[in-house]
Amino acid sequence: MNIIKQIENSIKQVMTNSLKSCIKKQLLPDIKVTEISIEKPREKEHGTFSCNLAMIIVKQARMSPKKISELLIEQMDFNGTYIEKAVSAGPGFINFFLKSDWLYDNTRYILDNKGTYGQSDYGKMQKVNVEYVSANPTGPLHMGNARGGALGDLIANVLDKAGYDVHKEFYINDAGNQIDKFGKSLEARYLQEKLGEKQVAFPEDGYQGIDIINHVKEYIKSETTDLQTVDEKLRQKTLVKYALPKNITAIKNGLARYGITYDLWFTEQSLYDSGSVDKMITYLIDKGHTVEYDDALWLKGSVMNSEKDEVLKRSNGYPTYFAADLAYHYNKFYERKFDRAINLLGADHHGHAIRMEGAMEAIGIKKEKLDIVIFQLVRLLRDGEVAKMSKRTGKAISLDDLLDEVGVDAARFFFNMKQSGSHLDFDLDLAKKQTNENPVFYVQYAHARICSMLRILEEDGVKINNEEKLDFSLLIEKEEILLMEKLAEYPNEIVISANTLEPSRMTRYVHDVAALFHSFYNACRVRGIENKLQQQRINLVKATKVVLQNSLELLSITAPLKM
RNA sequence: GCGCCCAUGGCUCAAUUGGAUAGAGCGCUUGAUUACGGAUCAAGAGGCUUCGGGUUCGAUUCCUGAUGGGCGUGCCA
């Protein structure tokens, strides 16, 4: 149940009926309305919900919005709703004030449902494929992957709770050019180990990372056959076959530590093995979407709204990453029948994203079915300065380094504090601080405080499991009402996040819940008060705990019992 | 050059996707505990939403121009 949506619908119904009645009584001309929108006003004095219908139909009604709103209100019938009154305000808004029952009912609902509170059927079990991180397996995970991971995982979680059938996927780029490069880099390091560093040139565009050298050293320790004498191709292939699975395992372990697991690790190579890439290319040729020049096969720019053509098959006969990615998307939509696909990409890939979106129609997929979420790049800050290198390893800071330094909870929270479109400065010092400056601790403290409160009450001999007939009618303090209102917003926050694919609002939401709880805590005592009120407050505290737990779980952040 | 993204108090970000008096956190100032965890709370100061022009009942939001920044513009992925 999503009580906000439910009430919005009931208000829409009231508005529609009232409009009909106005027209019937010829108070208003026959007005056509396509969509009535209900909003949540910023100001408390403007009610719990408001509607701007009167202002929208000004032209059709040929009347002042103020007058229209008054007519509409006169014809309203609130029977069977939570509405207490409707008031015309400002330029012509109609503000709705609700009876407190809606909050009491919802709080009861939270305790009846606990872990499933927040779940809705908004998505109607549409099959959605969410692909994120998909890091190059030629090296360790970097900060872009870390942000994409936290964001993608939260998007997947939010869609799941909003009632979509979500599949989480990692696309392993284990074919093509960069694997060649990986092999050549390994080979060069191998020969350098064997013959001396100066004797063998390292490829100009090779992978410089120390992890390549480590792979080779380990390989030499365990090697049975000396690769110096074998054929170049076989040597590279052998080294790749040794090192690539190790890298993939490291990525899997790193992400698992980060709290991310996938339904499927899809390999690019499988698209070649099954002939899907060739089929894709043939299909595009048949459709007349391609053109040949400079010994290469190109996808026409015109079919993807681009000025430039895009290479599908290189002059050396190898298909490009772009061709494989088209085959991959064909696979998602046609072979696995997803209704929707969501890809997360760093801003450094937005060129690819635009071309992919453009090319969807060319392979027979409606472009609305593919959502590419571009997130801006990350800067790490330490002592107010940009931090590029890890202090410990001297290399670029990897996900593992970050988790060692600030922990999973802080990383997950910080990467989701900002909208994907904005650049993100990750303050390492702040993430480590165990003070009120750090929002993660603020939120977790609220949860720990609730736990310790309930523990103490129990030690006092107070019954804290009194959920048979839940009554909240004594909760009338401002702090109690505000807290209950915030708890009621939870399911809708999830729906909005799923809808916009912008779930950073969830970190703000959980922070708000914590803040309102702390206010409540300071204003309303629970311990040592009259029994009836005490029971109601205990149950409010427990409902708060449920919402904190659920939203922290959504973010993959722990909800500590004490700190 | 062209394309995409961004610009909001000192700092980091919001603004229900076009709504009412632009909100939070940090920092700053003042105050609160013989009581459930002071890792908390209450209050205050701080804004020409980068700058022009346009669209309309109404613009931080949409269009357009300028300025400043990030990224892209490969037979890389």
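The values are calculated or read from the model by the stated rules, or taken from the named source; none is laboratory data. Please read all numbers here as calculations on a predicted model, not as lab measurements. Counting neighbours? That spans all protein chains shown, and the Cβs are built from the backbone with ideal geometry, glycine included. Side chains are part of the model used for accessible areas, which takes the heavy atoms of the whole protein and leaves out ligands, DNA and RNA. Shrake-Rupley method; radii C 1.70, N 1.55, O 1.52, S 1.80 Å.
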Point to revise | Selection count, region A:114-151, where residues are closer than 20 Å to A:Glu169 by Cβ and among the polar types (S, T, N, Q) | key: 6
Check your understanding: Just for region A:165-178: of the residues that are touching a helix residue (DSSP H, G or I) at 6+ places or on another chain (Cβ under 7 Å) and open to solvent by less than 20 Å² (accessible area, probe 1.4 Å), which one is nearest to A:Pro503 (Cα to Cα)?
Key -> A:Tyr171
Exercise for review: Go through region A:464-481 and give me each residue that's farther than 30 Å from A:Phe97 by Cβ and open to solvent by 70 Å² or more (accessible area, probe 1.4 Å).
Suggested key: A:Asn465, A:Glu468
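Residue by residue through region A:500-527, note down the ones that are in a loop (DSSP other than H, G, I, E, B) and touching a residue at least 24 places away in the same chain (Cβ under 8 Å). Please lay out each step first, then the result.
Residues of region A:500-527 in a loop (DSSP other than H, G, I, E, B): A:501-504, A:524-527.
Of everything in region A:500-527, those that are in a loop (DSSP other than H, G, I, E, B) and touching a residue at least 24 places away in the same chain (Cβ under 8 Å) turn out to be A:Leu501, A:Glu502, A:Pro503, A:Ser504, A:Cys524, A:Val526, A:Arg527.
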Exercise for review: Go through the residues of region A:194-203 one by one and say whether even a single one is closer than 30 Å to A:Tyr321 by Cα and surrounded by 19 or more Cβ atoms within 10 Å (Cβ to Cβ).
Suggested key: no
**Study point:** A:Phe426 in a strand (DSSP E or B) and more than 30 Å from A:Gly163 (Cβ to Cβ)
**Key:** yes
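Could you tell me whether any residue of region A:231-251 is outside any helix (DSSP H, G or I) and at pLDDT 90 or above?
First, pick out the residues of region A:231-251 that are outside any helix (DSSP H, G or I): A:231.
Filter once more, so that each one left must be at pLDDT 90 or above: A:231.
Yes, region A:231-251 has at least one match.
So in region A:549-563, with the set limited to residues that are of a type in the set (Ser, Thr, Tyr) and assigned to a loop (DSSP other than H, G, I, E, B), which one is farthest from the chain's Cα centre (by Cα)? Reasoning before the result, please.
Kept after step one, since they are of a type in the set (Ser, Thr, Tyr), are these residues of region A:549-563: A:551, A:556, A:558.
If we keep only those that are assigned to a loop (DSSP other than H, G, I, E, B) too, we end up with A:556, A:558.
Values: A:Ser556: 11, A:Thr558: 18 Å.
In this case the residue turns out to be A:Thr558.
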Point to revise | Whichever residue in region A:387-404 is at pLDDT below 90 and open to solvent by 30 Å² or more (accessible area, probe 1.4 Å) and, among such residues, is farthest from RNA strand B (Cβ to nearest atom) | key: A:Arg392
Review point. Only one residue in A:Leu516, A:Leu533 is more than 11 Å from RNA strand B (Cβ to nearest atom) and open to solvent by 10 Å² or more (accessible area, probe 1.4 Å). Which one?
Key: A:Leu533
Review point. Are any residues in region A:477-499 part of a helix (DSSP H, G or I) and acidic (Asp, Glu), and if so, which ones?
Key: A:Glu479, A:Glu480, A:Glu485, A:Glu489, A:Glu493
Review point. Which of the following residues is of a type in the set (Val, Ile, Thr), surrounded by 19 or more Cβ atoms within 10 Å (Cβ to Cβ) and assigned to a helix (DSSP H, G or I): A:Ile155, A:Ile94?
Key: A:Ile155
Practice item. Look at region A:121-139 and say how many of its residues are open to solvent by 20 Å² or more (accessible area, probe 1.4 Å) and over 17 Å from A:Trp265 (Cα atoms). Key: 6
Study note, to complete from the structure: Going through (1) over 22 Å from A:Glu131 (Cβ atoms); (2) in contact (Cβ under 8 Å) with a residue 24 or more places away in the chain; (3) within 16 Å of RNA strand B (Cβ to nearest atom) one by one, A:Leu271 fails only at (1)
Practice item. Might you check whether a residue that is more than 12 Å from RNA strand B (Cβ to nearest atom), part of a loop (DSSP other than H, G, I, E, B), free of Cβ contacts under 8 Å to residues at least 40 places away in the same chain and more than 31 Å from the chain's Cα centre (by Cα) occurs anywhere in region A:291-312? Key: yes
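How many residues, within region A:321-344, are within 15 Å of RNA strand B (Cβ to nearest atom) and buried (at least 20 other Cβ atoms within 10 Å of the Cβ)? Give the derivation first.
Taking region A:321-344 first, the residues within 15 Å of RNA strand B (Cβ to nearest atom) are A:321-329, A:342-344.
Those still in the list that are buried (at least 20 other Cβ atoms within 10 Å of the Cβ) too: A:323-329, A:342-344.
Selection size over region A:321-344: 10.
Residues are listed down the side, and each one gets a yes or a no for (1) of a type in the set (S, T, N, Q); (2) in contact with a Gly (Cβ under 6 Å, 6 or more places away or on another chain); (3) open to solvent by less than 40 Å² (accessible area, probe 1.4 Å):
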site	(1), (2), (3)
A:Glu39	no, no, no
A:Glu43	no, no, no
A:Ile83	no, no, yes
A:Lys99	no, no, no
A:Asn106	yes, no, yes
Exercise for review: Give region A:136-171 a look and list any residue that's touching a residue at least 40 places away in the same chain (Cβ under 8 Å) and among the aliphatic types (A, V, I, L, M), or say none.
Suggested key: A:Leu141, A:Met143, A:Ala146, A:Ala150, A:Leu151, A:Leu154, A:Ile155, A:Val158, A:Leu159, A:Ala162
Review point. Of the residues that sit in region A:419-447 and are near RNA strand B (Cβ under 6 Å from one of its atoms) and either aromatic (Phe, Trp, Tyr) or open to solvent by less than 10 Å² (accessible area, probe 1.4 Å) (or both), which one is farthest from A:Ser504 (Cα to Cα)?
Key: A:Tyr445
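Inside region A:253-290, can you point out the residues that are outside any helix (DSSP H, G or I) and among the β-branched types (Val, Ile, Thr)? Walk me through how you get there before you give the answer.
Just the residues of region A:253-290 that are outside any helix (DSSP H, G or I), to begin with: A:258-267, A:274-275, A:287-290.
Those that are outside any helix (DSSP H, G or I) and among the β-branched types (Val, Ile, Thr): A:Ile260, A:Thr261, A:Thr267, A:Thr290.
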Check your understanding: Looking at A:Leu344, is it in contact with a Phe, Trp or Tyr (Cβ under 7 Å, 6 or more places away or on another chain) and without any contact (Cβ under 8 Å) to a residue 40 or more places away in the chain?
Key -> no
Check your understanding: How about region A:519-528: which of its residues are within 6 Å of RNA strand B (Cβ to nearest atom) and open to solvent by 30 Å² or more (accessible area, probe 1.4 Å)?
Key -> A:Ser519, A:Tyr521, A:Asn522, A:Arg525, A:Arg527
Practice item. Scan region A:199-230 for residues that are among the charged types (D, E, K, R) and modelled with pLDDT of 90 or more and jot them down. Key: A:Lys217, A:Glu218, A:Lys221
Review point. Only one residue in A:Gly384, A:Gly461, A:Gly407 is surrounded by 12 or more Cβ atoms within 10 Å (Cβ to Cβ), at positive phi and either within 15 Å of RNA strand B (Cβ to nearest atom) or in contact (Cβ under 8 Å) with a residue 40 or more places away in the chain (or both). Which one?
Key: A:Gly407
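Within region A:358-381, how many residues turn out to be open to solvent by less than 90 Å² (accessible area, probe 1.4 Å), without any contact (Cβ under 8 Å) to a residue 40 or more places away in the chain and within 21 Å of A:Ala498 (Cβ to Cβ)?
So in region A:358-381, the residues open to solvent by less than 90 Å² (accessible area, probe 1.4 Å) come out as A:358-360, A:362-365, A:369-378, A:380-381.
Among the residues that remain, those that are also without any contact (Cβ under 8 Å) to a residue 40 or more places away in the chain are: A:360, A:364-365, A:369, A:372.
Those left that are additionally within 21 Å of A:Ala498 (Cβ to Cβ): A:369, A:372.
Of the residues in region A:358-381, 2 are open to solvent by less than 90 Å² (accessible area, probe 1.4 Å), without any contact (Cβ under 8 Å) to a residue 40 or more places away in the chain and within 21 Å of A:Ala498 (Cβ to Cβ).
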